[in-house]
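Undergrad: My questions all concern the structure below.
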Amino acid sequence: MPGAETMPLLEVRGVAKRFGSVEALRGVDLRVHAAEVVALLGDNGAGKSTLIKTISGVHQPDSGEILVLGKAVAIPSPRAASALGIETVYQDLALCDNLTVVQNLFLGRELRRFSGWPLRWVPARRQMVERATEVVRQLGTTLPSLHSQIGTMSGGQRQAIAVARAMVWGSRLVILDEPTAALGVEQTANVRRVIRNLRASGLGVILITHNMQDAFALADRIVVMRQGRAITEMDPKVVTPDQVVGAITGGSAISMEP
Amino acid sequence: MSHSRPPATPSILARLGASRIAHGDLGFLPVVFGLVVIALVFYNLTPVFLTPRNASNLVLQLGPLTLLTMGMVLVLLIGEIDLSAGSVAGCAAVVLVVLLTRHGWPAIGAIPAALLFGCLAGLIQGSWVVFVRAPSFIVTLTGLLVFQGLQFLLLGEEVGALLIYDPFVKGIASTYMPHWLAWCLVGLTAIIALAAALTAPVRNARRLLRLLLFPLVAAAIVAVLNLYFGVPYLLLLVIAVALALTLLTEHSLFGVHLLAVGGNAEAARRAGINVSTVRIRVFALCSTLAALAGIVAASRQYSVDSATGGGNLVLDSIAAAVIGGTSLFGGRGRIVGGLLGAVVIGSVSNGLDLLGQPAHIKTIITGLILLAAVSVDMLARRRRISSGAAGA
Ligand SMILES: Nc1ncnc2c1ncn2[C@@H]1O[C@H](COP(=O)(O)OP(=O)(O)O)[C@@H](O)[C@H]1O
Ligand SMILES: [Mg+2]
C-alpha cells in the first residue's frame, strides 16, 4: 500500500456525530495519504455524507479527532477546511453557467491587482488566466476555451472545472462526491483521467461512489462504511466486486484488513 | 488563447459569432435588425422621421428612458425586477423641484438630495427583498404605489405643474455642445479606439471591427446632430453613465459577482460572495439611476406634476432591457443592449407621435413589442438549454 509508513495527509480518529436520536457516525477511523485515492463506499444512510461534511467543516464532530499531517485540528467552517488544504466537490458542483471557466475557477476568491476601494474591484486577469491554464493542464482535461461560458460544456467538462476550482488554491486533499453519477461512458473516462492526474500531482483524494467500476479503476484502497462505522478496508487488487458488495450490504462481511 | 490542447482552428463563421447564435445567444442581431426595420417603415410613412431635427428631439426624449433602462438591466441581471423605478423617478423629480422652487435650495444641493432620495428608496426596497425574503415583484409593486402616493403628497394642493426656475436644472436637457467640442470628443474616441486596438493582447478581426465601430458611430451621430442645434449635453451624460456601468458590469469583479448572483445564487453564496449585499447594492443603484432619470425628465418639462415618471415609463424600460438582450431569468444582459433597446422603444413612440397616433395606440404597440421581446428571450433560453447549457 502506498505510503503506509509515511505520515498520513488526513487522519480521522474515532469521530462520532449524532443528529438528535440518529447516530450518523459512531467512531469512524480513516486515513488518507498523499498521492492516494481512497474510495468510500456504503449503502444509503451509512454516514458517508456526514463524514465528508465533518471533514470539510460543515458539521462539527461530537467526539473524536481529525489530524492533518499529524496535527490535531479544528475545522469550524468550510473556509477553515480550505485553509488546511481540504476542498470538497459536491454533487451539484455549484458552478455558474453564465460565467467563463476562469471566472468560475476563481469565483469569490478572485485575484486582485489593488487593495483599496474602489480599485480592489479591478481583476488581476492575466494572473488568473495563467493559474487557470496551469491547473487545467495539470488535470489533463480538454476545454473549448478558458474564456467561454461553461453553460454549453458537457457534464464531464463541468466536473473537471469543479475539480480544477478545488485545485486552484493548492489544496492537498480533494473530496469528490459521486463525480461520475450523472455522466456517460466517455465523460466518465475523462473524469477518471482527471482523478488519476490529481493523484499523480501528489494530492490525496477521497472518492465517494456507488459505482463499483470507478472504485476498482481508481482506488488504492476501498473503505466500506456501514451504520456509521468504517467497517472494513479492502485492497482492490485483491478483492472482487462481489466481496465489496457483500461488505456494503452486510451479507457476507469478509475482512481483508491486514 | 489558453487551451490545454491545441483545438481545431475555429472557422471564420465561429469567429464572427455564428456558433454563439447557434447556442441561443443572439447578441444584438435582433435589435439592430429591428432598428433598421423601424427606421425604414417610419421613413416611408413620414420622411420627417429621418431628419436631423427629429434625431435631436429623439435624443432628448430618450434621456429618461435610457437612464431608467440601464438601472433595470442591472436589476434583471441579478434575476430580480424593479417595478417602482418609474414612480421613484417621478418622486425624486418632485423632491428636486420642491427643494428648488419652494425652499429656494440651489441646484448643487437639490440634485444630490434627489439622488440620495432615490438611493434610499432602493436601499429600503432591496433590504426588504433580502431580509424579509419577499419577491422583488411584490416589494417593488408596493414601492410603485407608495412612491406615487408620496409624489402626490409632496406636490400638495398644487393644481397643475410645479415650475422650475433654476437655470442649471432647466439647462440639463436643453443645452448643446459647441460643434467643435463634439468633434474633439469624436477624435478622442478614435484615439482611444486606436490605442486599444494596438495594445490588445489578442488580435482578432471581430474585436478590431468592434473597436472601429465606436468612432464611426460617434462621428455619424455628431454629423447628424450638428446639422441642427448640435449634440445635447444630455447625450454626453447618458454615454458617461453607460460607460461607467459597462466598466462595472463587464470589467470589474463586482460585475462578476453580480452575474454569479443572477446565474446561480446558491453557487455564489457557497463561493463566499455576500449575495445579500450584492442584491441591496443593485437595488440602490437602480433607484439612484431612476432618480437621475426623474431629474432629466423634470428638466425637459421645466416643471413637475403628478404625471412625471408615470405612464408607461417603467414598462417601457423593462421592454427596452429585454429587447436589448437582457434575460428575465437573470445572469444575462448588457448595458449597451439596454441602450439599443431604449432607442427601439423611443423611436417607435416618436414615429407614432409624428404620425399623429393617439396615446392608446402607442401603448398597445409598446405592449406588443414587449411581448415579442419576451418571446425571443424564452426561445433563446430554450435553445440554450437544449444545446447543453442548463439553468439560466
Ligand atoms: N442534517 C441531518 N439531520 C438529521 N439527520 C441526518 C442529517 N444528515 C444525515 N442524517 C442521518 O444520518 C444518517 C447518515 O446519513 P448520510 O451521512 O447522509 O449517509 P450516506 O451519505 O452514506 O447516504 C442517516 O440516517 C441520515 O438520515
Ligand atoms: Mg450521501
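The values are calculated or read from the model by the stated rules, or taken from the named source; none is laboratory data. Keep in mind that what you see is a predicted model, and the values were worked out from it rather than measured. A quick note on method: Cβ atoms are made from the backbone with ideal geometry, for glycine too, and the neighbour counts reach across all protein chains shown. For accessibility, only protein heavy atoms count, side chains too; no ligands or nucleic acids. Shrake-Rupley method; radii C 1.70, N 1.55, O 1.52, S 1.80 Å.
Undergrad: Any idea how far apart B:Ser375 and B:Thr51 come out in nm if each label point goes 7 Å out from Cα toward Cβ?
TA: Taking the simple label geometry, B:Ser375 and B:Thr51 are separated by 3.6 nm.
Undergrad: Give the average, rounded to an integer, of partner chain Cβ atoms located within 10 angstrom of each Cβ in B:262-272.
TA: Taking all residues of B:262-272 together, the mean is 6.
Undergrad: Next up: Which sequence of B:Phe214, B:Phe49 reflects their accessible areas, 1.4 Å probe, from the largest down?
TA: Working: B:Phe214 125, B:Phe49 20 Å².
My answer, sorted largest first, is B:Phe214, B:Phe49.
Undergrad: What is the spin-label model distance, in nm, from B:Trp180 to B:Tyr165 if the labels are put 7 Å beyond Cα along the C-beta direction?
TA: It works out to 3.6 nm between the two label points.
Undergrad: Within a Cβ distance under 10 Å of B:Ile78, other residues only, what is the Lys/Arg minus Asp/Glu net charge?
TA: Details: positive: B:Arg279, B:Arg281; negative: B:Glu80.
Once positives and negatives cancel, what remains is +1.
Undergrad: May I ask for the distance between the Cα centers of region A:171-204 and region B:185-215, given as a whole number of Å?
TA: That distance is 43 Å.
Undergrad: If you don't mind, another one. On full extension of the chain, what length is gained from A:Arg126 through A:His147, given 0.36 nm per residue of separation minus the C-alpha to C-alpha distance?
TA: Values: separation 21, 0.36 × 21 = 7.56 nm, distance 1.20 nm.
Computed gain between A:Arg126 and A:His147 is 6.4 nm.
Undergrad: Calculate the dipole size of region B:274-390 relative to its Cα centre from +1 charges on Lys and Arg beta carbons and -1 charges on Asp and Glu beta carbons; express the result in debye to the nearest 20.
TA: 600 debye
Undergrad: Same structure again: As an exercise, use a Förster radius of 51 Å and the Cβ-Cβ distance of A:Met7 and B:Leu123 to find the FRET efficiency, rounded to the nearest 0.05. Walk me through the numbers on the way to the answer.
TA: Working: r = 53 Å, r/R0 = 1.04.
The value I calculate is 0.45.
Undergrad: Rounded to the nearest 10 Å², what accessible area does B:Thr175 show when all protein chains are kept and the probe is 1.4 Å?
TA: Using a 1.4 Å probe on the heavy atoms, I get roughly 60 Å².
Undergrad: What is the sum of charges around A:Arg13, taking Lys and Arg as +1, Asp and Glu as -1, for the other residues whose C-beta is under 12 Å from the C-beta of A:Arg13? Before the final figure, lay out the partial values.
TA: On the way: positive: A:Arg31; negative: A:Glu11, A:Asp29, A:Glu65.
Neighbourhood net charge equals -2.
Undergrad: OK, next. Restricting to lysine pairs 8 or more places apart or on different chains, what number in the protein assembly as shown have Cα atoms under 26 Å apart?
TA: For the protein assembly as shown, the number of qualifying lysine pairs is 6.
Undergrad: Averaged per residue, what accessible area in Å² does region A:43-136 show with a 1.4 Å probe, protein chains only?
TA: On a per-residue basis, 47 Å².
Undergrad: Then there is this: Express the Stokes-Einstein translational diffusion coefficient of region B:167-308 in µm² s⁻¹, to the nearest whole number, given a Kirkwood radius over alpha-carbon pairs, 4 °C and a viscosity of 1.567 mPa s. Walk me through the intermediate numbers first.
TA: Numbers: Rh = 18.2 Å.
Taking Rh from Cα pairs, D becomes 71 µm²/s.
Undergrad: Determine the order of A:Arg31, B:Arg206 by accessible area, beginning with the largest, at a probe radius of 1.4 Å.
TA: The most accessible residue leads, giving A:Arg31, B:Arg206.
Undergrad: When the distances between all Cα atoms of region A:57-132 are binned every 5 Å from zero, what whole-number percent does each bin get?
TA: 3, 12, 16, 17, 16, 15, 11, 7, 3, 0
Undergrad: Shifting gears a bit: With a 1.4 Å probe and every protein chain left in place, tell me how much accessible area A:Asp242 has, in Å² to the nearest 10.
TA: The accessible area comes out at roughly 120 Å².
Undergrad: Grab the eigenvalues of the alpha-carbon gyration tensor for region B:103-247, scale each by 5, take roots, and send me the semi-axes largest first in whole angstrom.
TA: Working: eigenvalues 301, 134, 30 Å².
Each semi-axis is the square root of five times an eigenvalue, giving 39, 26, 12 Å.
Undergrad: With the crude spin-label approximation of a point 7 Å out along Cα→Cβ, what separation in nm comes out for A:Arg18 versus B:Leu58?
TA: The answer from the label model is 7.5 nm.
Undergrad: Additional query: Counting only protein heavy atoms and rolling a 1.4 Å probe, how much accessible area do A and B lose on contact, total for both sides, in Å² to 100? Don't skip to the answer; put the middle values down first.
TA: Working: alone 12470 and 19740 Å², together 29670 Å².
Summed over both sides, the interface buries about 2500 Å².
Undergrad: Now for a different question. What is the average number of partner chain Cβ atoms found within 10 Å of a Cβ in A:98-107?
TA: Working: counts 16, 8, 2, 1, 2, 7, 6, 0, 3, 12.
Taking the mean over all residues of the peptide, I get 6.
Undergrad: Another one. So, with +1 on the Cβ of K and R and -1 on the Cβ of D and E, and no other charges, what is the size of the charge dipole of the protein assembly as shown about its Cα centre, to the nearest 20 debye?
TA: Details: 51 positive and 35 negative charges, 239 e Å.
Dipole magnitude for the protein assembly as shown comes out near 1140 debye.
Undergrad: How do B:56-69, B:370-383 rank on mean C-beta neighbours within 10 Å, highest first? Mind showing how you got there, number by number?
TA: Numbers: B:56-69: 24.6, B:370-383: 16.0.
Output ranking for B:56-69, B:370-383: B:56-69, B:370-383.
Undergrad: While we're on this one: Suppose R0 equals 30 Å; then what is the FRET efficiency for B:Leu40 and B:Ala244 from their Cβ-Cβ distance, rounded to the nearest 0.05?
TA: 0.35
Undergrad: Go through B:Thr249, B:Tyr165, A:Leu41 and say which Cα lies farthest out towards the positive end of the charge dipole of the protein assembly as shown; charges sit on Cβ, +1 for Lys and Arg, -1 for Asp and Glu.
TA: Most positive-ward Cα: B:Thr249.
Undergrad: Which one of B:Ser306, B:Ala319, B:Ala268 is farthest out on the positive end of the charge dipole of region B:261-392, using unit charges on Cβ (Lys, Arg +1; Asp, Glu -1) and the Cα centre as origin?
TA: Among B:Ser306, B:Ala319, B:Ala268, the one farthest towards the positive end of the dipole of region B:261-392 is B:Ala268.
Undergrad: While we're here: Counting only protein heavy atoms and using a 1.4 Å probe, what share of the accessible area of the protein assembly as shown belongs to carbon plus sulfur, as a whole percent? Provide the component values of the computation, followed by the final result.
TA: Details: 18900 of 29670 Å².
Its accessible area is 64 percent carbon and sulfur atoms.
Undergrad: Please report, for the Cα atoms of region B:26-130, the Rg to one decimal and the Dmax as a whole number; what are they, in angstrom?
TA: For region B:26-130, the Cα radius of gyration and maximum Cα-Cα distance read 18.6, 51 Å.
Undergrad: Between A:Val238 and A:Asp43, how high is the FRET efficiency from 1/(1 + (r/R0)^6) when r is the Cβ-Cβ distance and R₀ = 25 Å? Nearest 0.05. Write out the running numbers ahead of the final one.
TA: Working: r = 22 Å, r/R0 = 0.89.
Step by step, r from the Cβ atoms, then E = 0.65.
Undergrad: Using only atoms on other chains, find how many Cβ atoms lie within 10 Å of each Cβ of peptide B:252-260 and report the average.
TA: Values: counts 6, 12, 3, 3, 12, 5, 0, 7, 8.
Average per residue, whole number: 6.
Undergrad: Here's a follow-up. Going by average Cβ density within 10 Å per residue, which order do the peptides B:264-272, A:62-70 take, highest to lowest?
TA: Output ranking for B:264-272, A:62-70: B:264-272, A:62-70.
Undergrad: Give, as a single signed number, the net charge of other residues whose beta carbon lies under 15 Å from the beta carbon of B:Ile192, with Lys and Arg counted +1 and Asp and Glu -1. Each step should come with its number before you reach the end.
TA: Details: positive: B:Arg207, B:Arg210; negative: none.
Charge balance near B:Ile192 sits at +2.
Undergrad: What percent of all Cα-Cα pairs in region B:72-115 falls in each 5 Å bin, counting up from 0?
TA: 6, 23, 21, 15, 13, 10, 8, 4, 0
Undergrad: Below 8 Å between Cα atoms, with a sequence gap of 6+, how large is the relative contact order for region A:106-258 in percent? It would help to have the intermediate numbers written out before the result.
TA: On the way: 175 pairs, mean separation 22.9, N = 153.
Worked out over region A:106-258, it gives 15 percent.
Undergrad: Relative to the compact globular guide of 2.2 N^0.38 Å, what is the alpha carbon radius of gyration of region A:16-110, as a ratio? Can you show the working numbers first?
TA: Numbers: Rg = 15.3 Å, N = 95, 2.2 N^0.38 = 12.4 Å.
Region A:16-110 yields a ratio of 1.23.
Undergrad: So what is the accessible area of region B:29-81 per residue, in Å², with the probe set to 1.4 Å? Walk me through the intermediate numbers first.
TA: Details: 2120 Å² over 53 residues.
Roughly 40 Å² per residue, with all protein chains present.
Undergrad: Mind grabbing the base-10 log of I(q)/I(0) for the protein assembly as shown at q = 0.07, 0.09, 0.12 Å⁻¹? Debye formula, identical points on the C-alpha positions, no solvent, two decimal places.
TA: Reported log10 I(q)/I(0), two decimals: -0.56, -0.83, -1.21.
Undergrad: Here is a follow-up. Give me P(r) over chain B, computed from all C-alpha to C-alpha distances, binned every 20 Å, as integer percentages.
TA: 26, 58, 15, 0
Undergrad: Based on Cα coordinates alone, diagonalise the gyration tensor for region B:74-156, multiply each eigenvalue by 5, take square roots, and list the semi-axes in whole Å, largest first.
TA: Details: eigenvalues 136, 34, 17 Å².
Value: 26, 13, 9 Å, ordered largest first.
Undergrad: While we're here: Relative contact order of chain B, please, whole-number percent, based on alpha carbon pairs below 8 angstrom and at least 6 residues apart.
TA: Numbers: 594 pairs, mean separation 129.1, N = 392.
It rounds to 33 percent for chain B.
Undergrad: Does region A:90-200 come out rounded, prolate or oblate by the C-alpha gyration tensor, with a ≥ b ≥ c the root eigenvalues, rounded set by a/c under 1.5 and, if not, prolate when a/b is larger than b/c and oblate if not?
TA: Because a/c hits 1.5 or more and a/b exceeds b/c, region A:90-200 counts as prolate.
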